[in-house]
Each structure stands twice: as structure tokens, then as C-alpha cells.
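Asker: After the C-alpha cells below, expect a handful of questions from me.
The values are calculated or read from the model by the stated rules, or taken from the named source; none is laboratory data. A quick note: this is a predicted structure, and the numbers were derived from the prediction, not measured. Positions of Cβ are backbone-derived with ideal geometry, glycine not excepted, and every protein chain shown enters the neighbour counts. Accessible surface areas use protein heavy atoms only, side chains included; no ligands, DNA or RNA. Shrake-Rupley method; radii C 1.70, N 1.55, O 1.52, S 1.80 Å.
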Amino acid sequence: PTDAATVHPAIQIAKLAGHSPIITTASPHNTALLTSLGATHVLDRTLPGSALLTSLRKLTDGAPLELVYDAISLADTQALAYRALAPRGTLVLVLPDVIPAELKAESDAAAPGEGPKRVTGVFGNVHHPDNRACGEALYKQLTGWLEQGVIKVRVDPAAGLSCCCCCLLHAGGYVTGY
């Protein structure tokens with residue numbers, strides 16, 4: 001499965017926040033789109049996990065990743081992302097954490113005194129009290145970012161957005177199709 005609905009904005013927001021490098025996995029035919037959104041590197045998602053970890057180490061000069069956003073969050077992608085993560089790094093998941101306890105214990109033991117890696121989930125409701133300040137700050141900027149092309153919204157007609165949401169964004173000129 002893929003989740004362009006969360007990957008595309010995540011790449012753009014990471015770029016906007018000044019993160020670099022921004023490395024993603026995808027089918028090679030999506031490279032141009034993902035680099036246009038801000039990805040600095042696109043790795044073939046069909047590579048074996050060991051090859052992906054090797055490629056990541058090459059791209060980061062051997063440094064582990066401080067932040068990983070797993071938009072797929074299946075058991076194998078979670079474990080791979082956790083392995084790529086630096087001690088005290090943060091892994092953000094869109095599904096519940098199913099990383100084996102043995103992998104977490106092994107990782108913590110390999111970096112004594114560094115502190116555990118942090119695994120957290122996404123909760124995208126800006127009306128929730130914990131997210132309200134972030135939501136208010138986001139909404140103050142969002143229209144300008146859309147008008148300036150800083151944030152680009154693309155809709156796959158096959159998957160699409162809800163009819164209401166799509167119509168509102170289209171009416172504002174913020175949506176392009178595939």
C-alpha cells in the first residue's frame with residue numbers, strides 16, 4: 001500500500017521546516033514528482049531491507065536518521081525504519097506500533113547510555129487540545145503557502161479526496177490532477 005495523502009504533505013512540510021536530506025522510498029516512476037515536492041533522494045521501494053539500509057548509510061555518510069516518518073507502517077516497514085533510526089531518534093507511525101520487543105531491546109542494548117528510540121503515532125486532528133496551537137499556526141500560513149506553491153495538493157482521481165474537500169480546494173485553484 002501507499003499513502004500519498006500523507007507522504008506528499010510530509011515531504012513538503014519537512015522541506016519547509018528545513019530538514020535535509022529528505023529521503024523517501026517509492027516506485028522509480030514517482031521520482032520526478034517526489035523530488036518536485038522536496039525529496040532529496042528517492043530509493044526504490046522494492047529494494048531488500050538490507051540494501052535500503054546500506055543506501056541510507058551512504059546518503060547520510062553513515063549517520064543514522066534522527067527522524068523517520070513511516071507512511072506505510074506495516075510490520076516490515078516499521079522494523080526497517082526502527083533499524084535506521086539513531087539512538088534517541090523519533091519514528092512516526094500512521095498505524096499502531098508492532099515493532100518486536102526483541103528489536104527494541106537489542107537496539108537499546110547496542111547504544112547504552114544513549115536513551116531509547118522514541119516511537120509515536122500521528123493524530124492529525126487540529127481541533128484536539130494537544131494539537132490546537134499547531135493547527136492554529138498551520139492554518140494561519142496554509143492559504144499563503146497554497147497560493148505561493150509552497151504546499152502543492154495533487155489529487156489522484158481514482159482515490160481522490162472527499163467530494164467536499166476536493167471541491168473547496170479546486171475552487172481555490174489549489175488542486176492539480178495526475
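Asker: How are the Cα pair distances of region 1-70 distributed, in percent, across 5 Å bins from 0?
Answerer: Pairs per bin, as whole percents: 3, 16, 29, 27, 19, 5, 0.
Asker: List the pair-distance distribution P(r) of region 1-155, using every Cα-Cα distance, as the percent of pairs falling in each 10 Å bin from 0 up to the bin containing the longest distance, rounded to whole percents.
Answerer: Bins of 10 Å from zero give 10, 36, 36, 16, 2 percent of pairs.
Asker: Charges at C-beta only: +1 for Lys and Arg, -1 for Asp and Glu. How large is the resulting dipole of region 7-82 about its Cα centre, in Debye rounded to 20?
Answerer: Charge dipole of region 7-82: 140 debye, to the nearest 20.
Asker: Using a 1.4 Å probe on the protein heavy atoms, what percent of the accessible area of region 1-103 belongs to carbon and sulfur?
Answerer: About 59 percent, which is the carbon plus sulfur part of the accessible surface.
Asker: If you take every residue apart from LEU103 with its C-beta less than 13 Å away from the C-beta of LEU103, what net charge results, scoring Lys and Arg +1 and Asp and Glu -1?
Answerer: -2
Asker: Based on the Kirkwood radius over alpha-carbon pairs, what value in µm²/s does the Stokes-Einstein equation return for the translational diffusion coefficient of region 47-96 at 37 °C and 0.692 mPa s?
Answerer: The estimated diffusion coefficient comes to 299 µm²/s.
Asker: Continuing with this model, one more query. Taking 7 Å along the Cα-to-C-beta vector as the label spot, tell me the LEU95-THR35 distance in nanometres, rounded to one decimal.
Answerer: Label at LEU95, label at THR35, 3.0 nm between them.
Asker: Something else about it: Report, please, the projected area of region 72-149 averaged over directions, based on the convex hull of its C-alpha atoms, in nm².
Answerer: If I average the Cα hull's projected area over directions, I get 7.1 nm².
Asker: Stretched out fully, how many nm does the piece from ALA137 to ASN125 gain, at 0.36 nm a residue minus the Cα gap?
Answerer: 3.0 nm
Asker: Tell me, in nm to one decimal, what length is gained between SER20 and ARG88 on full extension, where the rule is 0.36 nm per residue of separation less the Cα-Cα distance?
Answerer: 22.7 nm
Asker: In region 11-120, which GluC sites (Glu not before Pro) fall in coil by DSSP and have 16 or fewer other Cβ atoms within 10 Å?
Answerer: Answer in residue order: GLU114.
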